[in-house]
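Peer 1: The following block contains the structure, expressed as structure tokens.
The values are calculated or read from the model by the stated rules, or taken from the named source; none is laboratory data. Only a predicted model underlies this, so the values are computations on that prediction, with no experimental measurement involved. Heads up, the Cβs are rebuilt from the backbone with ideal geometry, glycines too, and the neighbour counts pull from every protein chain shown. Areas reflect the complete protein model, heavy atoms only, side chains present, ligands, DNA and RNA absent. Shrake-Rupley method; radii C 1.70, N 1.55, O 1.52, S 1.80 Å.
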Amino acid sequence: MNSGGEASAIKVRGILLEKFYISGGKPLTGKVSIGGAKNAAVAILPAALLADSPCTIHNLPYIDDVICLADILKETGAKVNLKQREGAYIDGSTVTKYKASYEMVKLMRASYYLIGVLLGKFGKAEIPLPGGCEIGARPIDQHIKGFEALGANVVIEHGVVKASAEKLIGNEVYLDVVSVGATINIMFAAVKAEGSTTIVNAAKEPHVVDVANFLNSMGANVKGAGTDTIRIKGVEVLNGCEYTIIPDQIEAGTFMVAAAATAGDVVVADVIPKHMESITAKLLEMGIEVIEGDDYIRVRGVQKPRRVNIKTLPYPGFPTDLQQPISVMCCVAKGTSIIHESLFDHRFRHVEELRRMGANIKVEDRTAIFEGVGGLSGAPVTATDLRAGAALIIAGLMANGVTEVDNIHFIDRGYERIEEKLTALGADIRRVKDGDKPLKVLLGSSNSAR
Ligand code: EPZ
């Protein structure tokens, strides 16, 4: 099925309101292999359009955001084949359009990368304002600040960002806010600009470094990625390349937390432990055993984790994308735990759902205060965004009884085959269409006392 068909299948799945049924209380054990980084993939795919010849991308996660993005890229005329056996194939040499439709763009936040790419490639881009997870205000003023610093004229008309430039000229851009998206998008506009660009106060996330490495593989001249100052020297031509995406820091962290939360014993494999340092540190603080290998991390949980205080920060601080998953452990930790969400103003929507499972949580503005309870109980809950959905799965795995997680299309945006990976670790989790119920639940055996 081509990505167009797959993207429409995603929409159908969302409409079908698939659910996960989880019978909790089983420790996760075994080994799980982590896939390619979503937040690198959704930038590298559009970036491939900057090249005048095809790219082959390995370790691309086959998730809904990637499938949707492939569809958007095909709208511009690019040739895209995600399921080519020898890696995803993207040919930007056939791109003719500098526009994308709202219908697809509204499905995901990362569609804004098309602005920087098409501006960098054609000097023109007309892309609707992005959609994406409802976790708070998601402005793009810093992206626009960067484009304008390079000489582009940018207006927003009827919800469409219209950027154009006779010629992009390198400049210095100081980011008022450390922004992953703005850092990456400005790199895209700068790689073929005339002269040099410096991004000051740049984001340092692993996926920012991965994107810079990909651009350099195509022949760009990007230095300093991973520090707060990135220098780009414009080049005339970028050529297709072969590239392998780094492991997903957030998927790895999600499975580390799931292992700890279920008092399990799991080897999280094919990761870069350095990228996981902040999660490892917090799990150790909570009394979890964490053993680091060269390309794996073993996590052995305990029945009652210790309390913890967490403040989300840009990398190398604790990642905001793991705040919701680890908050589940705070629900049952001994004592009072506090989580402060520094980046987004609406990223505690999972709290209401955790309360339905027996959690004792108070939210004051961007701070959540958790009073540890004896345990969580299974309940019907609703995913409100990608990482809230991941948190509710972890809560269901840990809870006593059956948890039904609704709106799981959010989860499919960022986790590939999550129920298959969890089942292989011993979880009892089933994906069902709305209205169906897995036989086991119908027979009521899952509610038997554990
Ligand atoms: C990226 O979003 C990720 N998404 C998010 O992951 C992640 O939570 C976020 O970075 C922080 O790490 C992708 O990479 C596709 P930001 P992005 O620009 O780029 C403010 C997930 O679950 N800001 O780094 O949109 C913004 O409001 C998703 O995988 C401005 O003020 O995040 C926020 O407070 C969710 N103006 C802060 O900066 C701007 O122009 C960080 O946002 C841009 C951002």
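Peer 1: Roughly how many Å² of LYS233 are accessible to a 1.4 Å probe, to the nearest 10?
Peer 2: Ignoring ligands and nucleic acids, LYS233 comes out at about 120 Å².
Peer 1: Additional query: When DSSP assigns beta bridges and you keep just the ones with both residues in the stretch 38-244, what percent turn out antiparallel, to the nearest 5?
Peer 2: 75 percent
Peer 1: Using only Cα positions of the stretch 96-197, each an equal point scatterer, no hydration layer, compute I(q)/I(0) via Debye at q = 0.15, 0.18 Å⁻¹ and quote the log10 values to two decimals.
Peer 2: Result of the Debye calculation: -0.53, -0.77.
Peer 1: Quick one: in the stretch 245-321, what % of C-alpha pairs are over 19 Å apart?
Peer 2: Roughly 28 percent, rounded to a whole number.
Peer 1: By accessible area of protein heavy atoms, probe 1.4 Å, what ranking do VAL302, VAL173 get, highest first?
Peer 2: The ranking, largest first, comes out as VAL302, VAL173.
Peer 1: Calculate for the chain the 222 nm mean residue ellipticity that helices alone would give, adding -39,500 (n - 2.57) per DSSP H run of length 4 or more and normalising by residue count, nearest 500 deg cm²/dmol.
Peer 2: The helix-only estimate for the chain comes to -9500 deg cm²/dmol at 222 nm.
Peer 1: Another one. Angle, helix 3-16 long axis vs. longest principal axis of the chain, Cα atoms, 0 to 90°, nearest 10?
Peer 2: 40 degrees
Peer 1: Can you give the FRET efficiency to the nearest 0.05 for ILE369 and VAL237, using r as the Cβ-Cβ distance and R₀ = 51 Å?
Peer 2: Efficiency computed from Cβ-Cβ geometry: 0.40.
Peer 1: With each label point set 7 Å from Cα along the Cα-Cβ vector, what nm distance links ASP228 and ASP295?
Peer 2: In this crude label model, ASP228 to ASP295 measures out at 3.4 nm.
Peer 1: Relative to the first principal axis of the alpha-carbon coordinates of the chain, what is the inclination of helix 206-217, with its axis defined by its Cα atoms, in degrees from 0 to 90 and to the nearest 10?
Peer 2: Once rounded, one gets 30 degrees.
Peer 1: Ordering SER278, SER164 by how much accessible area each has at a 1.4 Å probe, largest first, what is the list?
Peer 2: Result of the area sort, largest leading: SER164, SER278.
Peer 1: Write down the percent of antiparallel bridges among all DSSP beta bridges whose residues are both part of the chain, to the nearest 5.
Peer 2: Approximately 70 percent, going by the DSSP bridge assignments.
Peer 1: Stretched out fully, how many nm does the piece from ALA424 to SER101 gain, at 0.36 nm a residue minus the Cα gap?
Peer 2: So the chain would gain 112.4 nm between ALA424 and SER101.
Peer 1: Once you compute Rg and the Kirkwood Rh from C-alpha atoms, what is the Rg to Rh ratio for the chain?
Peer 2: Ratio value, two decimals: 0.98.
Peer 1: Can you work out ³J(HN,Hα) from phi for every residue in the stretch 78-90, in order, using Karplus 6.51 cos²θ - 1.76 cosθ + 1.60 and θ = phi - 60°, giving whole Hz and x for Gly and Pro?
Peer 2: 5, 8, 9, 9, 6, 10, 5, 3, 8, x, 5, 10, 9
Peer 1: So who's got an amide H within less than 5 Å of the one on VAL160, skipping anything under 5 residues away but keeping other chains? H placed 1.01 Å off N, in plane.
Peer 2: For VAL160, the qualifying residues are LEU129.
Peer 1: Stretch GLN84-THR29 to full length: gain in nm at 0.36 nm per residue minus the Cα-Cα span?
Peer 2: Gain on extension, GLN84 to THR29, equals 16.6 nm.
Peer 1: Can you tell me how the stretch 190-268 classifies by the Cα gyration tensor, rounded, prolate or oblate, using a/c under 1.5 as the rounded cut?
Peer 2: oblate
Peer 1: So if I restrict to the alpha-carbon atoms in the stretch 38-244, what is the Rg, and what is Dmax, the biggest pairwise distance, in Å?
Peer 2: Radius of gyration, then largest Cα-Cα span, for the stretch 38-244: 15.1, 43 Å.
Peer 1: Sticking with this structure for a sec: Expected output is a single nm value to one decimal: the length gained when fully extending between LYS124 and ARG355, i.e. 0.36 nm times separation in residues minus the C-alpha distance. What is it?
Peer 2: Working it through step by step, the gained length comes to 78.4 nm.
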